[in-house]
Amino acid sequence: MTLLRTLATRLASGVLVLWIVATLTFGAMHATAGDPAIAILGGPDALPTQAVVEEVRREYGLNDPLPVQYARYLGRLLSGDLGESYRLRTPVTSAILEQLGSTVVLGGIAGVLALAIALGLALVGAGRGPRVGGAITAVEVVITAVPNFVIGVGLMFLLAFQLRLVPVAGEQGWASLVLPVLTLAIPSSIVMAQVLRSELDEVLEQPFILTARARGLGEAGVRVLHALRHAVIPLLTLAGYVFGFLLGGTVITETLFARRGIGRLMVDSALTSDIPMVIGISLFIALSYVLVTLIVDLIAAAVDPRARLA
Amino acid sequence: MRPAAITLALMLTACSAAGAGNPSSDPRPPAAGFDRLSYPRADYAEAKPGMAGGTLVVAAARDNGTLDWQLLADTNSKWLARMTGDSLVYLDEQGAITPWLATAWTVSPDGLVYTFTLRDGVTFADGTPLDAEAVRVNLDRIRNPATRAAMTTAYIAPYVRGEVVDRLTFRAHLSEPYAPFLNVLAQAWFGLISPKQIREAPETIATAPIGSGPFVVTRYVRQQEVVLTRRTDYAWSPPLTGHKGPAYLERIIVRTLPEALSRYTALKAGEVDFLNDAPAQKAAIIRSDPELVFRNRINLGNPVRGITFNVDRAPFNDPRLRLAFAKAIDRNALSRGPGFAEYAPTTAFLSASTPYRDTAVVKPLGYDPAGANRLLDAAGWQARGADGIRVKDGKRLRLAVLTSNANGLDQVLVGIQSEVRKVGIDLAIDLVPVAQQTERRRLGNYEAFGPGYWHTNTPDGLYIVYHGKQRDDGPYRGQNNSRLADPQLDAILAEARRGASPERLAALYRSAQARLAELVPAIPTSENHTLVAYRADVRGLIFDTSHNTPRFETVWLDRRGS
């Protein structure tokens, strides 16, 4: 019963979030995107005749007052219709779905890899005293400070250009995933490793660890079997952040490595004032955030009994 | 047409470093004082037949999201459209009209009726024969506002009606004489599409346009690749190209690689064979690489205007100030900053490869800081503030330039900024999102407009950029960003547009450019270039006469050893 009520509350607040996102993006785009008719016709470098401009205005209902356009937009949204892209002239939903697979594959693999790297780094690095810990922290800070783009270009030069191990860019087979996945995974793994390691540092000082060691358990056993379990919960709450990090990172990696995907679609749409597309992707991203945080909370409640009380 | 959104830095000097491995090197852009640049016929016609077979991988900077070339105004669509579509006519290397799908044509004495005789035996890729009805359906589609063509509609605005005289005779009726009509029909955006597809499945044109060109689109994945397969029955290349029969290449794969660095790296690594939008910043490296070839071509039409003044706004509504501004800019010095030695400096209002270009009348726009200072003094701006900027009646001599860097040309503004500061002008760069720039352009809410160019294959480009009817608030959502409406200039440009003898046209375009040099609505800074690079085993490349972009039916791969 409690779980159901929690779920209902969360879903309701999720819908509220989506409505706010839709309204804000609608307002922001219409305030800054200029004349949508010109955007539809290709922006400032087009040479449309007045007749063509008027045709577009009529077709898209752009002569109506903004509140009327907003109401019409919300109405369509309620029926699940995100509208048609100005630039691509295809439904927004199908344009997103067309690009989604590529982003999911990239983000998914990068996420798993990032988690693996983070676990490895944290398990090896935790509780090694201030000297080793300080050195690791220094490396982590440097990597976190380097922009994604620079990491990508560096990897591209090393792996594709100098060593010629993988293709430079594009989507030709699994090998072309290596560079974008690494570019995406390395910075996010560092963030996770930092959290995980400081948590492990703390846990390793706890009395029950001493007990485990006293029972004659080896160092690896102590870390993996006992300490890690306790350190995972803060990592879980970090999942939303990492999800956002990966999603944001796709904007750069997809462009740099010429992959299809949501990130690149968002950039192209924003640059060309493709209002329905920008709103559509914003809504889509908001929806995935809502779902991810919901799932994370459910898992947290299952893993940690204390979370259920909250 | 819009420049591809690539990071072009402006480069303003001529360069003589041709790589050892370059089988041909283009004539260097003409130095100041030269008149029109002519590329040799050999750049446009096949020297000898090539070997058939193979796949060419081409990289491009962007994907337009649609392959429907008739709807676009994008610069990237020119060479892509040529692979799949053919036009009625074709230019020669001097800009004269030559046959293509139309073998002959006549123009009525009043300039209102164009009668085309079509080539027999031409088919679209779906088997539909080319006939007069096909031409009519195409022009009507472009003309129809519901088609929402971003540029082509405006280019044939005087076209009112098509008439099918007989199977192979088509007549176009215009509402007013319009001399550039044949020129624009020669452009890639006017490539014909199967009338069957236009009538029965227009929604498929965006992803699989069916033209009569040497290649057919067999696969299109947005933002990723276009796969084109050759037509074995193709036999109607423009006679000027000297090419007979189908293309040599079996297949072309066009990949979208938005990052300049990725494009270069992919070419060097051999993952792609050919770069459209070759990165200028890598030109020197490519030129010195025996495995690679770099080609640089000056486009027809208008060169890059570094600054376009809003001539309605004080204090630069005074032509003396605008002239002083032009004189203050050392275009060679601009190149020493961000320059990569590929873009040629210019002061002319037409590009070096465009007929009737005149460099004599624009001499006053050339670098002359002393002259600039004299003009500014004479206009009452003698006093200078503590920062060296001129002052008059308590106001600083300041110009805010509105830009969005949508075309990647903004680096030139930084160079101009430091140049004009030397004569006491404060140039403020107002960088805004492209949509805001467009909106403020419509409202006239700017003092100056940032870098841009307009490519077309006729000197009528002057009409498009400077005629009073082309203001954004006029009958067209036009490209006249200076908001100039000078009766004298308008009369000259309108007369040239109606058409005249070559002698008269020469006189008209000379006086138009002379008038522009007096008014200085904009400051030409460099030519607008097409840059391509390819691996040395790519042979037989010729260029399109309208766009100076590559044509691919003559390209072949010299890979006997491998």
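Whenever a residue of the range B:530-541 is at positive phi, its partners that are among the aliphatic types (A, V, I, L, M) and modelled with pLDDT of 95 or more, lying with C-beta atoms within less than 6 angstrom and at least six residues away or across chains, give the pairs B:G540/B:V555. Kindly check whether there is at least one residue in the range B:292-300 that is surrounded by fewer than 17 Cβ atoms within 10 Å (Cβ to Cβ), modelled with pLDDT of 95 or more and assigned by TED's automatic domain parsing to the domain that holds B:N64. Within the range B:292-300, not a single residue is surrounded by fewer than 17 Cβ atoms within 10 Å (Cβ to Cβ), modelled with pLDDT of 95 or more and assigned by TED's automatic domain parsing to the domain that holds B:N64.
Every residue, every condition in (1) surrounded by fewer than 19 Cβ atoms within 10 Å (Cβ to Cβ); (2) assigned to a strand (DSSP E or B); (3) of a type outside the set (F, W, Y); (4) in contact with an Asp or Glu (Cβ under 8 Å, 6 or more places away or on another chain), yes or no:
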| position | (1), (2), (3), (4) |
| --- | --- |
| B:A496 | no, no, yes, yes |
| B:P524 | no, yes, yes, no |
| B:L531 | no, yes, yes, yes |
| B:H547 | no, no, yes, no |
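Determine if the range B:287-309 includes at least one residue that is more than 30 Å from A:G170 (Cα to Cα) and touching a Lys or Arg at 6+ places or on another chain (Cβ under 7 Å). Yes. When the range B:126-150 is filtered for residues that are within 11 Å of chain A (Cβ to nearest Cβ), assigned to a helix (DSSP H, G or I) and under 15 Å from B:G191 (Cα atoms), the ones remaining, listed by number, are B:I142, B:R143.
Select, from B:V221, B:V164, the only residue that is open to solvent by 10 Å² or more (accessible area, probe 1.4 Å), modelled with pLDDT of 95 or more and farther than 23 Å from A:L41 by Cβ.
Step by step, each of B:V221, B:V164 is checked, and only B:V164 is open to solvent by 10 Å² or more (accessible area, probe 1.4 Å), modelled with pLDDT of 95 or more and farther than 23 Å from A:L41 by Cβ.
Just so you know, in the range A:222-266 the residues that are small (G, A, S) and within 15 Å of the chain's Cα centre (by Cα) include one that is nearest to B:A59 (Cα to Cα), and it is A:G261. Counting only helices (runs of 4 or more DSSP H) that sit completely within the range A:173-272, those holding 1 or more residues that are away from every other protein chain (no Cβ under 14 Å), open to solvent by 10 Å² or more (accessible area, probe 1.4 Å) and polar (S, T, N, Q) correspond to A:178-203, A:207-214, A:228-237. Test A:L287 against the stated conditions and say whether it is in a helix (DSSP H, G or I) and either surrounded by fewer than 17 Cβ atoms within 10 Å (Cβ to Cβ) or more than 17 Å from the chain's Cα centre (by Cα) (or both). Taking the combined requirement at face value, the residue satisfies it.
Among residues of the range B:432-447 being more than 15 Å from B:T308 (Cα to Cα) and of a type outside the set (A, V, I, L, M), the one that is nearest to the other protein chains (Cβ to nearest Cβ) is B:E439. Looking across the range B:65-93, just one residue is modelled with pLDDT of 85 or more, under 14 Å from the mean Cα position of the chain (by Cα) and within 14 Å of another protein chain (Cβ to nearest Cβ), and that is B:K78. One residue alone among A:L123, A:L115, A:L100 is surrounded by fewer than 18 Cβ atoms within 10 Å (Cβ to Cβ) and either in contact with a strand residue (DSSP E or B) (Cβ under 9 Å, 6 or more places away or on another chain) or hydrophobic (A, V, I, L, M, F, W, C) (or both), and that residue is A:L100. In the range B:167-205, how many residues are open to solvent by 20 Å² or more (accessible area, probe 1.4 Å) and either part of a loop (DSSP other than H, G, I, E, B) or among the basic types (K, R) (or both)? The qualifying residues number 10. Quickly run through the range B:381-394 and pick out the residues that are within 40 Å of the chain's Cα centre (by Cα) and in contact (Cβ under 8 Å) with a residue 40 or more places away in the chain. Within the range B:381-394, just B:W381 meets the criteria. Quick check: is even one residue across the range B:207-218 open to solvent by less than 50 Å² (accessible area, probe 1.4 Å), more than 16 Å from B:L101 (Cα to Cα) and within 14 Å of chain A (Cβ to nearest Cβ)? Within the range B:207-218 (the criterion being open to solvent by less than 50 Å² (accessible area, probe 1.4 Å), more than 16 Å from B:L101 (Cα to Cα) and within 14 Å of chain A (Cβ to nearest Cβ)), the answer is yes, since at least one residue qualifies.
Would you be able to tell me the number of residues in the range B:206-246 that are in a loop (DSSP other than H, G, I, E, B) and either of a type in the set (F, W, Y) or outside the structural domain of B:T147 (by TED's automatic domain parsing) (or both)?
2
The single residue among A:E140, A:E171, A:E202, A:E219 that is closer than 25 Å to A:V232 by Cβ and either at pLDDT below 80 or touching a Gly at 6+ places or on another chain (Cβ under 6 Å) (or both) turns out to be A:E219. Criterion applied to B:A514, B:A506 was being at pLDDT 95 or above and not assigned by TED's automatic domain parsing to the domain that holds B:T75, and the one residue passing it is B:A514. The set of residues in the range B:383-418 being open to solvent by less than 10 Å² (accessible area, probe 1.4 Å) and not hydroxyl-bearing (S, T, Y) consists of B:I389, B:R390, B:L397, B:L399, B:V401, B:L402, B:L409, B:V412, B:L413, B:I416. When B:R504 is tested against (1) touching a residue at least 12 places away in the same chain (Cβ under 8 Å); (2) away from chain A (no Cβ under 14 Å); (3) not in a strand (DSSP E or B), just one condition goes unmet, and that condition is (1). Taking the range B:259-276 as the range and being surrounded by 23 or more Cβ atoms within 10 Å (Cβ to Cβ) and of a type in the set (K, R) as the test, only B:R263 passes. There is no residue in the range A:152-164 that is more than 9 Å from chain B (Cβ to nearest Cβ) and among the β-branched types (V, I, T).
So B:D472 clears everything in (1) away from every other protein chain (no Cβ under 14 Å); (2) open to solvent by less than 30 Å² (accessible area, probe 1.4 Å) except one condition, right? Which one? Of (1) away from every other protein chain (no Cβ under 14 Å); (2) open to solvent by less than 30 Å² (accessible area, probe 1.4 Å), only one is false for B:D472: (1).
A search for C-beta distances below 6 Å between a residue of the range B:252-278 that is more than 9 Å from chain A (Cβ to nearest Cβ) and under 19 Å from B:N64 (Cβ atoms) and any residue that is open to solvent by 10 Å² or more (accessible area, probe 1.4 Å) and acidic (D, E), counting only pairs 6+ apart in sequence or on different chains, returns B:I253/B:E225. With respect to the stated conditions, A:R76 fails to be among the basic types (K, R), open to solvent by 30 Å² or more (accessible area, probe 1.4 Å), touching a helix residue (DSSP H, G or I) at 6+ places or on another chain (Cβ under 6 Å) and more than 7 Å from chain B (Cβ to nearest Cβ). Among the residues of the range B:453-468, some residue qualifies, meaning at least one is surrounded by fewer than 19 Cβ atoms within 10 Å (Cβ to Cβ) and assigned by TED's automatic domain parsing to the domain that holds B:L413.
The values are calculated or read from the model by the stated rules, or taken from the named source; none is laboratory data. Keep in mind the model is a prediction, meaning the values are calculated, not measured. Here Cβ is always computed from backbone atoms with ideal geometry, including for glycine, and neighbour counts include all displayed protein chains. When the accessible area is computed, the model is the full protein with side chains, heavy atoms only, and any ligands, DNA or RNA have been set aside. Shrake-Rupley method; radii C 1.70, N 1.55, O 1.52, S 1.80 Å.
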